[in-house]
Each structure stands twice: as structure tokens, then as C-alpha cells.
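Student: Quick one: the structure is below, questions incoming.
Nothing in this text is a laboratory measurement; each read-out follows from the coordinates by a stated rule. Everything quoted here is computed from the prediction, not taken from an experiment. No Cβ is skipped: glycine too gets one built from the backbone with ideal geometry, and neighbour counts run over all protein chains shown.
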Amino acid sequence: MTLHPKLTEITDRIVARSADTRGAYLDRMDQARRKGPSRGHLSCSGQAHAYAGAGPDQDKLATGQQGNLGIVTAYNDMLSAHQPYERYPTLIRDAIRAAGGTAQVAGGVPAMCDGVTQGEAGMELSLFSRDVIAMAAGVALSHATFDAAVFLGVCDKIVPGLVIAAQVFGHLPAVFIPAGPMTSGLSNDEKSKVRQKFAAGECGRDELMRAEMAAYHGPGTCTFYGTANTNQMLMEFMGLHLPGTSFINPGNDLRDALTVESARRALSLSDLGNTYTPVCDILNEKAFVNGIVGLMATGGSTNLLIHLVAMARAGGIVLDWQDFSEVSDLVPLMARVYPNGLADVNHFHAAGGLGYMIGQLLDAGLLHPDTSTVAGGGLSLYTQEPFLKDGTVAWREGTRQSLNDKILRPASDPFQSSGGLRRLAGNLGTGVIKISAVAQEHQVVEAPVRVFHDQDAVKAAFKAGELTDDVIVVVRFQGPKANGMPELHSLTPLLGICQGRGQKVALVTDGRMSGASGKVPAAIHVCPEALDGGPIAKLRDGDMLRVDARAGTLEILTEGVLDRPAETADLTGNHYGTGRELFTAFRAAVGAADSGASVFGS
């Protein structure tokens, strides 16, 4: 199928916009490749330090020319999604040793859980943790003793941070290795209903706790389609996973076999052989456009409108939210996975999953087929599914039809004709909105605003019975410079109650709403943020606002608002406690959300 001309136009625009920065980046990668791993240039003492802990691999490292694989791991057993990684270094070392090479854990990176910190002070470190992860991975690889790398990470900020680091070391091949989603427990819809009952005071904490434990019950990624699972989708669409690996559950033989094969594959792509495929060749402009297509076709996390921009800039590629909006207009919504539907990611995978979706989008001319991938060919390889054959992993062609059209639909007969995310622009500034789960009748909201400076104040107003009329809840001073741009997902249950009572309701914020943004329209990531004196800082209670997801507009309707002085807020309470005082430099240096909210500059 011929590539859709609009997709070509968008890609060509990104290429032209990025020409200077991308060219400079590729020059740096070429210089790094020519320099090569420095272990051969290290002093005898330096090499002895690097190999002292390598046990049976010491002699091979010191005397041989075999490849050495670096493992960067985000393992901890506080995150269910990352608990399976405890075993991976041993699996990988054994596999690489059997293949004649060596593997070492280059370093670990932090991995926090947004679900744990939701509504708590720790959430104010969440977005910044992405750049900390990138720096920590950079430190891990700075020893320059590796020919290739594997990255072990799944969740919200971890994968974007690791991708940023992989691009900084883009002359090295790298394979990302997932751990898979937990098996299905209490349905996400039932869990959500209990949360709403608790928010309304209709059940106690004991019932809430039982529901939460039944939903989050074992190792693996949370099963709703939030940021973590959106990350896994992106790694396949962008060619950094082996085909079909994203949604295989932890703890089975196929999952282990895929881990082993991913490690072998990473080392086989090194500059020591004839199939050298560095990250800088894989993550080009076409790969990022493919990632955006996947984001829209699946109705993925709003967080990726920040992360993909930051990830791309690490490789000299300049994306903007208009690119996302135009791709969204072009790409059909093909999946219904909670919070956009009742199914979880296990149901989505069983219905045909990413392989089916990639095949459909390729046939429709909505993906670049000619990108490089770690699988060794173009994106057509990603229509295949893995299986075990004589104890090792092999691939076969996946299903060419959906096995459940209530979860997964063909591109020719989608759930809706456009994707799940849209850019908003108007006299309030620019922002984004996720509409894949928002009913048509709720996609335009015009109402007076109630202005708050934190989400606790919103909860207090709700409990006091103050949010009973049509309302647009504005939560400001939540941007990256103000307090690290925390997610405001804990507001979802109470706003859902308001909507369920028949009120017209929306959220507008310079903060984030999370990958679980659902049925309530939420204009998020508003720029300029309040701390920068953006128009959102000039709103007062009662001002009329219009959030129009169909037209893509975000408009103050009350005259004279822009002539007012910007309000200020006392944010000193957000700058200490729970480690926040360690991030003063980050708050001072961070860029705007629409440029990736990164501390690394443009």
C-alpha cells in the first residue's frame, strides 16, 4: 500500500525542521562509533577494575575480542511491573556466555510508581525522575566498556528516560526488554466503580482496599492502558522490542525465551559483526512518526505528548504538538482498552494485539514500512507473533483478523475515524486533550470556572457540596516549574461523579492527568504555565471558559481577563519534604511541557 500523502507531508516537515540538530547529532554518533569501546584503551588497572567482579568471564574480558553486553536495569520489587527483572541479569549472562560473549550489569536506575505516589508529595518528583533515569543510565554506560546494551524498564517515566540515554549512546545497538503485564484480576471497570463509591462516601476503606488488591494482585504491569503499557506499544512500533514481546505475561517459558533472544539479538547487532544496527539508525524521524501513529490508533497515554517530544530531541529530532494533532486527525482509533473501553491489555493481546494493528496500519498506508528495527528488517516483521519451538523462541505470522471486534477493529471500520488525542489552542494558551474515552456529548463544555491551586482544595470543595452546577475546574500552579507537574488522576473519581449527575464538567490544568485519563474531558499540559504568568494565572472564579475538543480550541469567553495581572501562589510548601528539596535545580532549569518538560534544554 502506498504511504498516505499526509503522513509523508508530516514526516517531511519534521525532517526539514530537524535538519540542523539531527545532522549535528548524527555527526556525534559517527565520531563515537569511530572511537569504539574504550576498554581496549584502558590501563591495565582500569581494565582490572572493570572485570574484577565478572567471575568466570574475567579472562575472556581481559584477553578476548568477544562482545560485551551492558545491562541497564530499573529493577526493584516495589513496582509490580519491575519485580520480574530480578532474574533477568542471570538469564542474560548465561545466554550471552553460551553464545561466546560476556554480559555485565552496567548500572541500575531508579523507578518510581505513579500509582503509589498519586495525590502524594512524591508525585512531584515523578516527571523529573525521567531525566534522573536518563542521567543514571548515562553514568552506567559512561565506562564505555560495552559493544551493545539491553534496557530493562517498563513504567511511566522509566522507558522514556532509558530511551533518552540510549540515544545519547546512540552509536551502540540496544534492545529494550519488557517484563509483561500481570494476569487479569478484578476488572478495571469494577475497580473504578468502587473508587467512585468511596469518593461519594458510599463504601468504606475496607471495601476499597479489597477491590484494589484484587485488581493489582501480582507481578507485571498494571493491566489498564496507561503510560506503562503505552510505552510497551511504542517500543514495538518504533522497532526497539523484538516483535510481539510487549504483552507476554511474566513467569512463563515464552517470556524467558524472549528475554534470552533479546539479549542475543542486541549483541549480534554490534559493530563487531556484519549487521551493525545502532540506535541512532533505528530512531529516526520515520520511527517517531510511527510511534505517534501507534499512540493515536490505540488511544494511548497523554503523558507521551511530553515524553515523545523529549525522547526525539535527544536524537536531534524536533516534534511539536501540531504534529501529534495532525496525525490524530489522520489515524483511526482501532482499540478499546480501559479506560477507553472495558477490556484490559491481556484481552487486547488475545484479540490480535499489536501485530494485528501494525498489519492493518501498514496496509492502510499509515505507517512507514521501511524503518530499521532490532528484528533486522522493516516494520512488516512486527505483524508476527512469538511462540516456543523445541524450547526456543520462533516467530509465525499473526492473525490477520480481529478475534474480538469489541476490543480491536480494522482500520477500515474503526471505533472512530480519528485518533485519541488532540491539541487545543486559544487565548488561554495551548494544551492537549484525550478524547478516545470521552463521549461526543461531553467533548464541548462551556461553563464558569472554579479556580484551585492544588487538588486537595478541589476535593475539599467537592466534599463541601460546592461543585453541584456546571463547572470547569481549573487547577493551576501544577506545571513543571511550579512543582514538577504532578498527575492529578486522583481527581478522576469525583469529577466522574459530577458528570454522572448530569453536570457539564471539565478539568483545565497546567499539570498532567495521566495515562488513565478517562471519560471526563481534561485540557491538560496548558502552556504557558501559571508560574510563567500564562493566561491560566489570570482566571478568577466565575469566568466563562470553553473547552472544545472537536474544534481543538481552549478559549476564555469573559472579556478583560487577559488585561488582569497574573495571580501568584505560595509554593514554598512544594519545595521541601519527600526529597523535593533535592530538585530545586530541576525546577529552575526545566522547559515547558510542549518542548518535553526536560532539564536538558532544546
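Student: ³J(HN,Hα) across the range 339-352 via Karplus (A = 6.51, B = -1.76, C = 1.60, θ = phi - 60°), whole Hz, x for Gly/Pro?
Tutor: x, 8, x, 8, 6, 9, 5, 5, 5, 4, 4, 5, 6, x
Student: Which order do Y25, Y338 fall in if you start with the one that has the fewest other Cβ atoms within 10 Å?
Tutor: Y25, Y338
Student: Treating only the Cβ of Lys, Arg, Asp and Glu as charged (+1, +1, -1, -1), what charge dipole size does the chain show about its Cα centre? Round to the nearest 20 debye.
Tutor: Charge dipole, the chain, about its Cα centre: 600 debye, nearest 20.
Student: Further question: Relative to the first principal axis of the alpha-carbon coordinates of the chain, what is the inclination of helix 126-141, with its axis defined by its Cα atoms, in degrees from 0 to 90 and to the nearest 10?
Tutor: With rounding to tens, the tilt is 10 degrees.
Student: Expected output is a single nm value to one decimal: the length gained when fully extending between D563 and M1, i.e. 0.36 nm times separation in residues minus the C-alpha distance. What is it?
Tutor: Gain on stretching D563 to M1: 197.0 nm.
Student: Gap in Å between the Cα centre of the range 349-384 and the Cα centre of the range 516-572?
Tutor: Between the Cα centre of the range 516-572 and that of the range 349-384, the gap is 39 Å.
Student: Still on this structure, please answer the following. Measuring from the lowest to the highest alpha carbon on each principal axis, how far does the chain reach, largest first, in angstroms?
Tutor: Principal extents (Cα only, largest first): 74, 53, 50 Å.
Student: Placing unit charges on C-beta atoms (Lys and Arg positive, Asp and Glu negative, everything else neutral), compute the dipole magnitude of the range 421-595 about its Cα centre in debye, rounded to 20.
Tutor: 460
Student: Between A551 and E397, what is the FRET efficiency for a Förster distance of 51 Å, r being their Cβ-Cβ separation, to the nearest 0.05?
Tutor: Between A551 and E397 the formula returns 0.75.
Student: Within the set of other residues whose C-beta is less than 14 Å from the C-beta of S418, count the net charge using Lys and Arg as +1 and Asp and Glu as -1.
Tutor: +4
Student: Toward the positive end of the charge dipole of the chain, about the Cα centre and with charges on Cβ (Lys, Arg +1; Asp, Glu -1), which of Q47, G479, S129 goes farthest?
Tutor: The residue sitting most towards the positive pole is Q47.
Student: Now for a different question. Pull up the cross-link candidates among the aspartates and glutamates for K191, meaning alpha carbon to alpha carbon under 16 Å and not fewer than 8 places away within one chain.
Tutor: The qualifying aspartates and glutamates are E202, D206, E207, E212, D344.
Student: List the residues whose amide H sits under 5 Å from the amide H of A103, counting only those 5 or more places along or on another chain, with H placed 1.01 Å from N in the peptide plane.
Tutor: Counting only residues 5 or more places away or on other chains, the set is L69.
Student: Grab the other residues whose beta carbon is less than 12 angstrom from that of K6, score K and R as +1, D and E as -1, and report the net.
Tutor: Net local charge, K6 excluded: -4.
Student: Determine, from the Cβ-Cβ distance of E190 and F387 and an R0 of 25 Å, the FRET efficiency 1/(1 + (r/R0)^6), rounded to the nearest 0.05.
Tutor: 0.20
Student: Taking the alpha-carbon distance from K286 and a cut-off under 19 Å, which lysines remain once sequence neighbours fewer than 8 residues away in the same chain are dropped?
Tutor: Once the sequence-local lysines are set aside, what remains near K286 is K6.
Student: How many percent of all Cα-Cα pairs in the range 281-426 sit more than 21 Å apart?
Tutor: Tail of P(r) above 21 Å: 46 percent of Cα pairs.
Student: Separate question: Using all C-alpha to C-alpha distances in the range 53-151, build P(r) with 10 Å bins and read off the rounded percent in each one.
Tutor: So the P(r) values, bin by bin, are 15, 40, 28, 13, 4, 0.
Student: Less than 9 Å Cβ to Cβ from G226, Lys/Arg counted +1 and Asp/Glu -1: what total charge do the surrounding residues give?
Tutor: Neighbour charge sum, excluding G226 itself: -2.
Student: Further question on the same structure: If you line up the long axis of helix 353-363 against the longest principal axis of the chain, both from Cα atoms, how many degrees apart are they, to the nearest 10?
Tutor: In the chain, helix 353-363 runs at an angle near 90 degrees to the longest axis.
Student: So how tilted is helix 158-168 from the main axis of the chain? Cα-based, degrees 0 to 90, rounded to 10.
Tutor: The angle comes out at about 50 degrees.
Student: In whole Hz, what ³J(HN,Hα) sequence does the range 588-599 give by Karplus (6.51, -1.76, 1.60; θ = phi - 60°), x for Gly and Pro?
Tutor: Coupling constants for the range 588-599: 6, 9, 5, x, 6, 4, 6, 10, x, 6, 10, 8 Hz.
Student: In the range 421-595, if every C-alpha pair distance is counted and binned at 5 Å from zero, what percent goes to each bin?
Tutor: Taking every Cα pair in the range 421-595, the percentages come to 1, 9, 19, 23, 21, 15, 8, 3, 1.
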